[in-house]
1. If you go through segment 1-19, how many residues are assigned to a strand (DSSP E or B) and open to solvent by 10 Å² or more (accessible area, probe 1.4 Å)?
2. With out of contact with any Gly (no Cβ under 9 Å at 6 or more places or on another chain), open to solvent by less than 30 Å² (accessible area, probe 1.4 Å) and aromatic (Phe, Trp, Tyr) as the only criterion, which of Phe178, Phe216 stands out?
3. Out of the residues in segment 112-148 that are surrounded by 23 or more Cβ atoms within 10 Å (Cβ to Cβ) and of a type in the set (S, T, N, Q), which is farthest from ligand 2 (Cβ to nearest atom)?
4. Just checking, which of Ile289, Ile312, Ile299 is at pLDDT 95 or above, closer than 28 Å to Val130 by Cβ and crowded, with 22+ Cβ neighbours inside 10 Å?
5. Among all residue pairs at least 6 apart or on different chains, which show Cβ distances below 8 Å where the first residue, located in segment 193-208, is aromatic (Phe, Trp, Tyr) and the second is assigned to a loop (DSSP other than H, G, I, E, B)?
6. Right, Phe304: more than 22 Å from Ala98 (Cα to Cα), under 15 Å from the mean Cα position of the chain (by Cα) and open to solvent by less than 20 Å² (accessible area, probe 1.4 Å) or not?
7. Is it the case that segment 73-81 has a residue that's within 16 Å of ligand 1 (Cβ to nearest atom), farther than 16 Å from Ala15 by Cβ and of a type outside the set (Asp, Glu)?
Amino acid sequence: MKILGIETSCDETSASVLEVSNNLFTVKSNIISSSQDLQAKYGGIVPEVAARKQIEYIIPVVKEALLDIQPEQVDAVAVTIGPGLATSLQTGIDTAKALAYAWQKPLIPVNHLEGHLYSPLLADEPSENVIQFPAIGLIVSGGHTELILVNNFLNYKLLGRTRDDAVGETLDKVGRLFDLPYPGGATIGRLAPTGNPTTYDFPRPMIDSDDYDFSFSGLKTAILYASKKDESMKSEENLPHFAASFDKAIVDVLSHKLAKAIKNTRPKTVLMGGGVTANPSLRNQIQKICDDNSVSCLIAKKGFTGDNAAMIAAAGYFRYQQNYYINPIPADNKWQSIKASPNFKLI
Ligand code: KG4
Ligand code: ZN
C-alpha cells in the first residue's frame, strides 16, 4: 500500500509517500521545507512565523512528494495531529482532510512522537520493518525526552520522561546563552568531537535517581553560572572543550538511564529517534550500550532524525493495520472533528 504522510507540527513542512509491501518500507519521497533559517534570526521558534511558512510551503511540498503518483494510487493519508504548535499543526490537518475527502481515502491521525519512535525503520533504500518485542524507545527531540517500553506496535508503557526541559531544548537554550548559531543542538553536536570532554565538570542531573525520569534545566543553570564565573569558557579556543564537556554530560545521563532500563526490562530491540539522534557521540554511546547488552540497536538514519513526514506515514501504517483510521464520509462527525491536539500525549 502507499501512504501519503503529512507533518507540520513545528517549523518543518514535510510530505512523503511511503510504500509498504511484504514487510518492506520504501520511501518514495520525503520532502522537507523548513523555516529554520528564518527562525535563526530570532534565535528560536516564533509560532506566528512558523505558521505563516507552513501555509506558504504546504501545497508545493505535497505536490513535490506526490511526484507522478496519481491520487487513486494513494491508499491512505496520515497526518500529525499533535503534539506541536496549534497553528502549524492546523495547516497539515486541513490539507490532509481536504485530500482525504477529495480522494475518498482513509485519514489516519498520528502522534508526532509515534513518528519519531518508528523513524529508525526508515532508510533511503528499501528496508525491512522488523522490531523484535519487547523494545525500548528513546525519543530525544527539541520538545521531548521519553523512555518508552514498547510491548508491541501501538502498545506502550512510559518508563520515564523529562520533568522540565527536553534535551534538545536544553542544547538550544545553552546555544543561545553562548551566542552559537541556531539551533544550538546541531552546533554543539558539530563542535563536541573536536574538544576534550573532561575539561569542564558539569552536573549529570538525576543520573542515579531510582526512576527513569530526566531533568535538564539544572544543567542549563549550572552552565549559566559556570560561564559567568569563567568567561574564557566562551572563547574560540575553549568553545570545543565546552561543547564536548556539555555533550558528554547529556550523553552520560541518557545512556545511563537506557542501560538501566535494558537491565531491568530485557528488551530485544532499542529504538532511538528525534532530532538529537543526529548527535554523533550519542549515537556511538547508545550503539555501544546495545552491543554490550546484546540488544539489537535501531537508530534513526540521516535524513530521518529531525521532523519528517516519512516517519508519520510509517506510524500511520501501523495505526492503519490496527484500524485506527477514519473514512471521510461527508456526514460523519468523527471525521470532521479531527483537530490539532497541541499537548497530545502518546502515553
Ligand atoms: O525532532 P526535532 O527535529 O523536532 C522536535 O520534534 O522537537 O528535534 C529538534 C532538536 C533541536 O533541539 C536541535 O537542536 C536538535 O534536535 N538537533 C541536534 C542535532 N541536530 C539537531 N542535537 C544534537 N546534535 C545534532 N547534530
Ligand atoms: Zn519532532
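The values are calculated or read from the model by the stated rules, or taken from the named source; none is laboratory data. For clarity, every value in this text was computed on a predicted model and none was experimentally measured. Because the Cβ atoms are built from the backbone with ideal geometry, glycine has one as well, and the counts that use them run over all protein chains shown. Calculation scope for accessible area: heavy atoms of the full protein, side chains included, ligands and nucleic acids excluded. Shrake-Rupley method; radii C 1.70, N 1.55, O 1.52, S 1.80 Å.
1. Here the count works out to 3.
2. Going through Phe178, Phe216 in turn, the sole match is Phe216.
3. Here the answer is Thr145.
4. Of Ile289, Ile312, Ile299, the one residue that is at pLDDT 95 or above, closer than 28 Å to Val130 by Cβ and crowded, with 22+ Cβ neighbours inside 10 Å is Ile312.
5. Qualifying pairs under 8 Å: none.
6. Yes; evaluated as a whole, the condition is true for this residue.
7. No: segment 73-81 contains no residue that is within 16 Å of ligand 1 (Cβ to nearest atom), farther than 16 Å from Ala15 by Cβ and of a type outside the set (Asp, Glu).
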